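The values are calculated or read from the model by the stated rules, or taken from the named source; none is laboratory data. The shown structure was predicted, so the numbers you read here are calculated from the model rather than taken from an experiment. All Cβ positions, even for glycine, are placed from backbone atoms using ideal geometry, and neighbour counts span all protein chains on display.
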Amino acid sequence: MGIIMDNNIMLYRKKFIEETMRQNLTMGVGQANALEISTLTSYGFKIAFLSGIEPVEFEGVTFGKYGLKGKFKCENPQEKGMTHKTPELKCSCGFYSFNNLKGALKMLTKYQGAVLILVENYGVIVEHSHGYRAEIQEIKSILLPPTCSQNFCFSEITHLSKGAHYYEGYCAKHALISERAITLSDIPKQLGISLKILTPKEILISR
């Protein structure tokens, strides 16, 4: 169980490319006029809701549902009847992810019930100042906070359990009253992805 968060995977970049743009897009990874297009594989962090486990299904914090691996198809209503390869420089399409853990953790605090996931991006990738838009994404790992999601409970998590709408980390006591619970040790086998429990130090870097 677990994933080694070494420097290559965490992608702490020594320098961010500067871009002169206005406000960021909804996912906070930078403006639509991209800095660079590549076909090199990259790793990123993103926030999502785990809505199902058989099969595994995630919901984006803004829109869209996806499984462990997916290829993005643009459905921009402004381009009805037209198609283009995703992602496109002049469009906002693609799978979004941060290129650094700090940005993703900061966003995680804004969405109750969301989880942090590590994704591998490939196909066509548009690089922005703080992240990526990718044609294809594959979820490699789920990263959970160390304490229970139940309000005012600070016990260590032992299960991934379904709360009111989504699966979150719960302690043994509160996992028993949820609709369904998976022990942490069973997550890699049952979900097909690895697991990491975030440390308090990692969470603090987002503040």
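Mind checking which residues of region 108-167 are in contact with a His (Cβ under 8 Å, 6 or more places away or on another chain) and of a type in the set (A, V, I, L, M, F, W, C)?
Selection gives C148, C153.
For a quick check of your reading: which strands (runs of 3 or more DSSP E) sit entirely within region 1-97 and have at least 1 residues that are at pLDDT 65 or above and more than 18 Å from E120 (Cβ to Cβ)?
In region 1-97, the matching strands (runs of 3 or more DSSP E) lie at 42-53, 56-60.
Regarding S149, is this residue in contact with a Gly (Cβ under 6 Å, 6 or more places away or on another chain) and either outside any strand (DSSP E or B) or small (G, A, S) (or both)?
yes
Could you check K196 against (1) over 21 Å from K65 (Cα atoms); (2) not in a strand (DSSP E or B) and say which number it fails?
Condition not satisfied by K196: (2).
So which pairs qualify, if the first residue must be in region 147-176 and closer than 20 Å to Q190 by Cα, the second must be surrounded by fewer than 18 Cβ atoms within 10 Å (Cβ to Cβ) and of a type in the set (S, T, N, Q), the Cβ gap must be under 7 Å, and the two must be at least 6 apart or on different chains?
T158/T183; H159/T183; Y166/S51; C171/S155
Assess whether I193 counts as being surrounded by 14 or more Cβ atoms within 10 Å (Cβ to Cβ) and either closer than 30 Å to K73 by Cβ or of a type in the set (D, E, K, R) (or both).
Criteria met by I193.
May I ask you to list the residues in region 41-70 that are of a type in the set (S, T, Y) and free of Cβ contacts under 8 Å to residues at least 40 places away in the same chain?
If the condition is that a residue be of a type in the set (S, T, Y) and free of Cβ contacts under 8 Å to residues at least 40 places away in the same chain, then T62 is the only one that fits.
Out of E202, E156, E135, E127, I need the residue that is at pLDDT 90 or above, surrounded by 14 or more Cβ atoms within 10 Å (Cβ to Cβ) and farther than 18 Å from S51 by Cα. Which one?
Criteria check complete, one pass: E135.
Contact list please: Cβ distance under 8 Å, first residue in region 101-124 and within 15 Å of E59 (Cα to Cα) and of a type in the set (S, T, Y), second residue modelled with pLDDT of 90 or more and in a strand (DSSP E or B), pairs at least six apart or on different chains.
Going by the 8 Å Cβ cut-off, the qualifying pairs are Y111/I47; Y111/F49.
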